Structures are given as C-alpha cells and as structure tokens.
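S.K.: Supplied in structure tokens, the structure appears directly below.
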Amino acid sequence: MTFTSTTHVPNADLPAILRKVFGYDSFRAPQREIVEHMVAGGDALVLMPTGGGKSLCYQLPALARPGTGVVVSPLIALMQDQVSALTQLGVRAAFLNSTQDFDTSRATERALATGELDLLYVAPERLTTPYCLQLLSRTRIALFAIDEAHCVSQWGHDFRPEYLQLELLHQRFPDVPRIALTATADPLTRGEIVRQLGLEQARIFVSSFDRPNLRYTIVDKTQPREQLLHFLREEHEGDSGIVYCLSRRKVEETAEWLVARGIDALPYHAGMDGDTRAAHQARFQREEGLVMVATIAFGMGIDKPDVRFVAHLDLPRSIESYYQETGRAGRDGLPADAWMTYGLADVVQQRRFIAQSDGSEAFKRVSTAKLDALLGLCESAGCRRVRLLDYFGEASRPCGNCDTCIDPPQTWDATDAARKALSAIYRTGQRFGAVHVIDVLRGQVHQRVERWQHHRLSVFGIGADIDEDAWRGIIRQLVALGLVAVDHQAHGALVLTGLSRAVLKGEQPVQMRRTEKAGRGKPRAAKPAPTGLSDDQAAVLERLRAWRRDEARAQGVPAYVIFHDATLEEIARLRPRSLVRLATIGGIGTRKLERYGEALLALLDA
Ligand code: ADP
Ligand code: ZN
C-alpha cells in the first residue's frame, strides 16, 4: 500500500487549503468559524443538515493541524469511498475497519505510527479496543471527529452501543480537540450527545436546517404505484433515487413492479441476506441512475451526493423521520425532489402502530404528538417548508419551491360536510370503517347497508352531492385533525373523539384542503429548476459525464469521486480553454487539475 503525499501548505492559511486541496473559493456560512475554532484547539458540536458541508469542518483542520485527524464513523461500507475521494484530492487518508485484511490493517497502522497520514477513518468498535488506543497513544493526533454523533442516542433508531464508550477519548486524550457532527436537529438528541460524549465545554454550531434545493411535494394517494411511475417517468428519467415503503413485502413487490415497467430498481430491507443487501447498497452508491426501493433500514449509510429524489409510498412516523429520509436527496446542492403520496390508510395505519405498540402511555402520547405534527404538514394549505422549519424552531417565509407554494391548494369551509360525516358515524353506531360510512353518506344501497338497516337512517344519502373520493379526503382530514379516531380493536371502526362534539353542535367551523380528483394528480407547474444549460452546453455535459463514467470505471471508484455533477455543469457552462481558467472552477483543486486538467481541455476542444 502506498500513500501519496499531500499538497503541503506551510502555514495554516485556511482559504489557501480550501482552494488548493478542495478546489473551493469560499467557506459556506458556519464552516469558517468551525474550522478556525478547531484549528485553535477547541471542541465543537456541529448540527448541520445533510449536504451542508460537515466533512470539511474536520477534514480541513486535520490538514492544518500537525498530526493525523482520526474520524470515528459507523459507516463502514462508505469508508473506502470516503478515502478514495480524499486520495483524489491528494490527501493522505486511510481507514481501519473489519472489512480489510490483516496486512492492509498493519500497513495502515505503520503509516499512522510514522506520521504519514492526514486522516484516518476508524469504526467505533475498532477504536475502543485496547490495541487501537495503545496505537493512538503513540501517535500525534490532530483531532478526533465523531461523525453521525446522534448514534449515541438510545432513543434514536441509529443507536450504536459502542458510541457510548467514546467519552474515553476525552479521558485518554484530554489535549486533543474533538468535533462531533450530526444532521439530527432535535434538542433532545443534542442534549444526549453533549452528555454522553462529555462535550459540556464544546462550542455548539447550529446551522439552518433548510434545504433550499429540495422541492417538497405531498400528493393525495389514489393509485400510488401509478402515481410513482408517472413521477419517475415525467421528472426523473435516468436519475438515482430512493423509494421508501413501510414493509418488506411492499418493498419487494414495488421493486418488481417497477422493473417490469422498465425502471432500473433494486430492493433493500433488513430481511434480505447480508450479502445481497451489501451488494445492492454498493451498486446504488457506485452506479448512476438506480432506483432503490427500501424500508428505512436503508438509511444512514447513504452518502451519495447525486440522489435526485426521495419518494415515500407510505407515511413516515414523524417530521424528524420525514426530514431525515428526504434529506438524503440533493446533497450536492443541485435541485432534487422530496415526493410523497399520502392517504387515509396511512393515517389509520400509523395510528394503529402507536395504539398497538407495547410502549408506555408516555411513549404513546409522544408518538401521537409527533404523528399529529406530521399530519399537520401533510394537510397544510400553507408552505410545506415553513411548517417543516417551524417544527425545528426555525422561522421562515414561503419558499416558492414546494407544491403548495407553486400551486396553492384551495381551502373550503367543510363545517357542514364534517357535521354530516360525524353524524353518520354516530348514527351507524361507531362500528364501521370509512367505506361503509361513505356508502351511507352517499346513499348507496347494498347488502351490508340493508343488513344493518342503514338505509332507514336519517343520515342516509345526506352527502350524495359529494363524490366518493372527496369523502375519503374529508374523512382522512377528520382523522388527521383528531375529530375522528380509528378503533383498532374494532377492525378500524371510525369513532367520535372528545373534539367531535363542538363540531357536531355547530360550535366550531372546520376548514379543509380541497383534495385532488382521482387519477394522476395535477400536472406540476414546472420540472425541478432546470440547470439552464443551452443545447450546446448540454451536449458538452453529456460528453463530460461519459468521460467521467469511463474514468470512474477504470479506477474502480464511484463517478462522483472523480467530479461532482455541479463541477461538470460548471465546466460545461464556462467551457474553460486553459488550465488557469479550469482551476477557478468549484471542486477542482491542485491535485485534480494535475490529474485531469489536460484530458478535460482536450475533451472541451473536440
Ligand atoms: P454533509 O456531510 O454535511 O452531508 P458534505 O460534507 O458531504 O455534507 O458536503 C456536501 C457537498 O457540499 C459536497 O458535495 C461538498 O463537496 C460540498 N461542499 C462542502 N463545502 C463546500 C464549500 N465551502 N464550497 C463548495 N462546496 C462545498
Ligand atoms: Zn413553500
């Protein structure tokens, strides 16, 4: 194993390192402060959304400080790609985890001991072994970076027990600065990170959690698969993306269904054998244009910058989950879609999960509150982003880049319809599900209605002027608003709640969002912000992508490790004719210029 030497910067001129090594002209908002704080030897906790640029916050200080930066990360499957990406920049990087053989480990350990590494990625279970700690105690360490720091949280679903031992870094190496990073925003998790990692003295850097390049869209669920297919074909032909489903079976079925319709899709869930799962993840990570249909088991380990969409066929359980899952799209800052289909069955299902969970009453209360907040987002007639950010305590203004901003939904006074629905539920004995209640409202006579003599009720047919889809939308919103509950002990019967009374008595008006007609949903106002390239530029971009694909294949690395899409787009737009001009483009540092500059110029000349 050989280690290339880094571009050495004599003093800690941080903007110079940023330009020379990473190829960027400026820091993003909090990066500069964080980097300076680290270089000066402080501890930090960084809360920044996915795609915000967290890696630079420890990579750059590791280069500017003497010694090796040690990065703790649970994402073993990504370490090879992370190291490849750094090596491309001329940074001396390596990793230690259980996937490599003995000789490779030993070579890395030797390089570490002799000070030949700028950055070392280590799995937490490896780091906390006496052997590894011994090794580190003989090494000059620039800093410790604890990535995915929310893994210390015992309440989150990314909990890693080994993370609880990381406090020992502080005890064993009190003089080495530490930086913990996460994209998880909530204050509870933040508190746990501080406590568990002993970061009471650390400076906390909180970024805005807005992801302006993500377009949020939530459509009424009518024919979910068809809606998905339409979305994929119309807006994301040939793009990489993730489709989230709740159950393993649905993952399998959806993936098969998409493949049968010519979409390059793969399944991923925790019930698959480990090898297949790893192979699917690796393909998604490395190839372009794959659609991964997955349960949330496909999560934290996705570090692909060019995921162009995240689609939900089922409702997540909270805004936190929705934010995290959708956040995997558009890390590279280019336009990406967060798209979801949502219907009555989703509300019923999530409520049932909570009711039937064996958690404590307190747990159920918290879960219900979290679900209600998410339903509020789904039913919102106002800007989705404003709602989302508000949930994380951030004030904002209507974004212009979500479905409700682009195509504001109509709201209507649904007080009368709500009263009719509540009466029908009450008069039929609070023993029936939505289908039957809607039949009664619409005055549909059939066996079940007759058997229960419901055609004789005063409520029979009082809602005949509203069609079935619209009634489904109304009932969904009643359940979402907590005006109707679903009794899971009684096969999903709709029942009244404490809040129903005021509406029934006409004391409280109800506003609702008008639901879309059945079918594919409205055509969208526009495709996600176009890249704005001319035909000529687009042709150049195609050539650049083909070149990148060949290069990536020859080197056995993912395409984005060679250059990100944003870099290729800038090249296509500016068409630089010299190395000097090429060097001004974002993402082209000294090493990449040396390595690829001539080839790019030749290609642009052709
Ligand atoms: P995170 O780990 O927070 O999800 P990354 O560190 O992967 O984010 O960075 C996201 C993207 O932003 C990457 O493509 C990275 O190269 C780019 N990036 C980071 N910092 C800058 C910067 N100062 N200027 C331009 N691009 C940047
Ligand atoms: Zn908006």
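S.K.: Here is the link list: Lys420/Lys505; Lys54/Lys304; Lys250/Lys370. Which ones come out longer than 18 Å on Cα distance?
M.R.: Values: Lys420/Lys505 11 Å; Lys54/Lys304 14 Å; Lys250/Lys370 24 Å.
Among Lys420/Lys505; Lys54/Lys304; Lys250/Lys370, the Cα-Cα distance tops 18 Å for Lys250/Lys370.
S.K.: Past the 13 angstrom mark, what percentage of all C-alpha to C-alpha distances in the stretch 359-401 do you count? Let's see the in-between values first.
M.R.: Details: 526 of 903 pairs.
Counting every Cα pair in the stretch 359-401, those more than 13 Å apart make up 58 percent.
S.K.: OK, next. When Rg is the radius of gyration of the Cα atoms in the stretch 340-416 and Rh is its Kirkwood radius, what does Rg/Rh come to? Please report the intermediate quantities before stating the final value.
M.R.: Working: Rg = 14.9 Å, Rh = 14.3 Å.
Expressed as Rg/Rh, it is 1.04.
S.K.: While we're looking at this one, here's another question. How large is ³J(HN,Hα) for each residue in the stretch 253-269, as worked out from phi by the Karplus curve 6.51 cos²θ - 1.76 cosθ + 1.60 (θ = phi - 60°), to whole Hz, x for Gly and Pro?
M.R.: 5, 5, 4, 4, 4, 5, 4, 4, 9, x, 9, 7, 10, 10, x, 8, 7
S.K.: Let me ask something else about it. Pull up all non-local amide H partners of Leu45: gap of 5 or more, or a different chain, and H-to-H distance under 5 Å with H placed in the peptide plane.
M.R.: Ala180, Arg203, Ile204, Phe205
S.K.: Between Glu116 and Ala29, what length comes free when the chain is fully extended (0.36 nm per residue of separation minus the Cα-Cα distance, one decimal in nm)? Don't jump to the answer; show the numbers that get you there.
M.R.: Numbers: separation 87, 0.36 × 87 = 31.32 nm, distance 3.15 nm.
Difference between extended and current length: 28.2 nm.
S.K.: Let me ask something else. Given the Cα atoms of the stretch 17-155, and with Rh set as the inverse mean 1/r over their pairs in the Kirkwood sense, what is Rg to Rh to two decimals?
M.R.: Values: Rg = 14.7 Å, Rh = 15.5 Å.
Reported Rg/Rh, Kirkwood definition of Rh: 0.95.
S.K.: In nm, give the distance between the simple-model label positions of Ala282 and Val445, each being 7 Å from the Cα along the Cα-to-Cβ direction.
M.R.: Output for this residue pair reads 6.7 nm.
S.K.: Which residue, Ser240, Gly443, Gly482, has the largest displacement toward the positive end of the dipole of the chain when charges sit on each Cβ (Lys, Arg +1; Asp, Glu -1)?
M.R.: About the Cα centre, the residue reaching furthest to the positive side is Gly443.
S.K.: Turning to a different aspect of this structure: Of the trypsin sites (Lys or Arg not before Pro) in the stretch 445-513, which ones lie in a loop per DSSP and count no more than 13 other C-beta atoms within 10 Å? List each step's numbers first, then the result.
M.R.: Numbers: sites: Arg448, Arg451, Arg456, Arg472, Arg476, Arg501, Lys505, Arg513; in loops: Lys505.
Within the stretch 445-513, the qualifying trypsin sites (Lys or Arg not before Pro) (loop, at most 13 other Cβ atoms within 10 Å) are Lys505.
S.K.: While we're looking at this one, here's another question. Relative to a virtual label point 7 Å from the Cα of Gln201 in the Cα→beta-carbon direction, which members of the stretch 176-195 show backbone nitrogen distances below 17 Å?
M.R.: Hits in the stretch 176-195 for Gln201 at 17 Å: 176-180, 194-195.
S.K.: From the helices alone, meaning DSSP H stretches of at least four residues, give me the mean residue ellipticity at 222 nm for the chain, per-run term -39500 (n - 2.57), in deg cm²/dmol to the nearest 500. Show your work: numbers first, answer last.
M.R.: Values: 27 runs with 268 residues, N = 606.
For the chain, the value works out to -13000 deg cm²/dmol.
S.K.: Compute the signed sum of charges (Lys and Arg +1, Asp and Glu -1) over the other residues within less than 13 Å, Cβ to Cβ, of Gly67.
M.R.: Working: positive: Arg65, Arg92, Arg138, Arg140; negative: Glu116, Asp118, Asp175.
Within the 13 Å Cβ shell, the charges total +1.
S.K.: Rounded to the nearest 20 Debye, what is the dipole magnitude of the chain about its Cα centre when Lys and Arg each give +1 and Asp and Glu each give -1 at the C-beta? Write out the running numbers ahead of the final one.
M.R.: Numbers: 75 positive and 74 negative charges, 172 e Å.
Using Cβ point charges on Lys, Arg, Asp and Glu, the chain gives about 820 debye.
S.K.: Per the Kirkwood treatment, what hydrodynamic radius in Å, one decimal, follows for the chain from the mean inverse distance over all distinct Cα pairs? Present the calculation step by step, with values, prior to reporting the outcome.
M.R.: On the way: mean 1/r = 0.0377 Å⁻¹.
After inverting the mean inverse Cα-Cα distance, the result is 26.5 Å.
S.K.: What percent does the relative contact order of the chain come to when contacts are Cα pairs within less than 8 Å and at least six residues apart? Intermediate values should be presented prior to the final figure.
M.R.: Numbers: 1034 pairs, mean separation 87.1, N = 606.
Relative contact order here is 14 percent.
S.K.: Of Thr415, Ala552, Val152, whose Cα points farthest to the positive end of the dipole of the chain (charges on the beta-carbon: +1 Lys, Arg; -1 Asp, Glu; origin at the Cα centre)?
M.R.: Thr415
S.K.: Turning to a different aspect of this structure: Which one of Gly393, Cys57, Ala265 has its Cα pushed farthest toward the positive end of the charge dipole of the chain, where Lys and Arg give +1 and Asp and Glu give -1 at the Cβ?
M.R.: Toward the positive end, the furthest listed residue is Gly393.
Every read-out reported here was derived from the displayed coordinates using simple, explicitly stated rules and does not represent laboratory data. Because the structure is predicted, anything quoted here is derived from the model rather than measured. Glycine gets a Cβ as well: all are built from the backbone with ideal geometry, and neighbour counts include every protein chain shown.
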